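The structure appears below as structure tokens.
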Amino acid sequence: MREFIKKAEQTYQTLLVKRGVASAELLKSYLNGTIQPIRTLMEMAAEELERVRIKSAGTASNGSIKLAKFKNKCLKEYLMSIDSEDMALADVTLQLGKDYHIYLRQRKHLCPATANDCLAWLSRLVFLAVDKEILRSNPLEDIEYEKVTRNVEIRYLTREQVKKLLAHPFLQRQMELARHMLLFTMFTGLAYVDLTRLRPEHIQTDAKGRRFIRKCRQKTDVETFVPLHPIAEQILALYNTTDNSKPVFPLPPYANYRLYKEFVAIGIFLGLDRNLSHHDARHTNATLLVSAGVGMESVSKMMGHSSIKSTQKYAQITVNRISQEIDRLMERRKEKEQQIITQ
């Protein structure tokens, strides 16, 4: 029995090194001697999905595995459209990649960005086959992707809406927890996954007695450094700041989904014409910092951005808002001048 356990442990480590994943089924197949080398597209996809699933299990979000499953579903549907349930990796060609792209755009009616993502999934599977020396080269290496002009709207709360949320505690416990999460992020900029992983050890004090949060972002692995605002300090005082074996905030697994109704209700309370999300609070933090004149480098450090380009988009928001305010001021001045003329 001991020898079997030892063999299983060694096999498990071998799987991790060679394949990057070690599921129960793979381990069982290796131990039984029934493992077969990967030869088809869907076999490679199954292995890659398992790797993404294991990686996603280590975070508070399951968005990555959902997206991977969607892209794989599109690939399966394409294969079925050409009367095939699977395909040998050696049969993947550049023309097949082009035909798949046309299928995604014309038959699935996907937008260019989503179609590109699905095409990239296919290319990744073939690249992995090259990496594992199943194929000599990737025939999709030179495939052309559509140019995508991304104009993503950054949604945030105004100062007036932040003040309104500050001044209105909720009686219902779940609603109040959601309010605290939003406000804490508005004054720290922590992403949701980093908020769920925040522990007392990440809250430190410098030589002058000033407290700050110091931890690496889950998404970028870039260290974030956030001086604690007095309002953030008040919220922290209500939760765990001593026991490092537990997170600061008592959030259940996938709390972002469980608190969704509360976020929507708070958005309605604030008079929004859209659903409020936790990420809006992070955008609010960056926008408030830039509006207050905090330097781009400092904002980037506090937000944990891997590139300052990610931070500069908030400066554009501020410029646009100032332009709109000036336009409104000019309109009011014109109206007053018109009134004087008509009198």
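Quick note: the coordinates plus some simple rules give every number you see, no bench work behind them. Nothing here was measured: the structure is a model prediction, and the numbers come from that model. Ideal geometry is used to build each Cβ from the backbone, glycine not excepted, and the neighbour counts take in all protein chains shown.
Taking a Cβ cut-off of under 11 Å around T205, the surrounding Lys, Arg, Asp and Glu residues balance to a net charge of +3, with basic ones at +1 and acidic ones at -1.
Annotation note: GluC sites (Glu not before Pro) in the stretch 48-154 located in DSSP loop regions with a Cβ neighbour count of at most 14 within 10 Å are E85, E133, E141, E144, E146, E153.
The 3J(HN,Hα) values that the Karplus relation (6.51, -1.76, 1.60; θ = phi - 60°) gives for the stretch 195-205 are, in residue order, 5, 5, 9, 5, 10, x, 5, 7, 9, 10, 10 Hz. Gly and Pro appear as x. Of the chymotrypsin sites (Phe, Trp or Tyr not before Pro) in the stretch 110-149, the ones in a loop by DSSP (not H, G, I, E or B) with at most 15 other beta carbons within 10 Å are Y145.
Net charge near L75, counting Lys/Arg +1 and Asp/Glu -1 over other residues with Cβ under 12 Å of its Cβ?
Numbers: positive: K69, K71, K73, K76, K108, R124; negative: E48, E77, E85, D86, D117.
Overall, the nearby charge balance is +1.
Count Lys and Arg as plus one, Asp and Glu as minus one, and take only other residues whose Cβ is under 9 Å from that of L89; the net charge is then -1.
What is the order of I231, I65, fewest Cβ neighbours within 10 Å to most?
Least to most surrounded, the residues fall as I231, I65.
Taking each residue as 0.36 nm, the span from D91 to V294 lengthens on full extension beyond its C-alpha to C-alpha distance by 67.6 nm.
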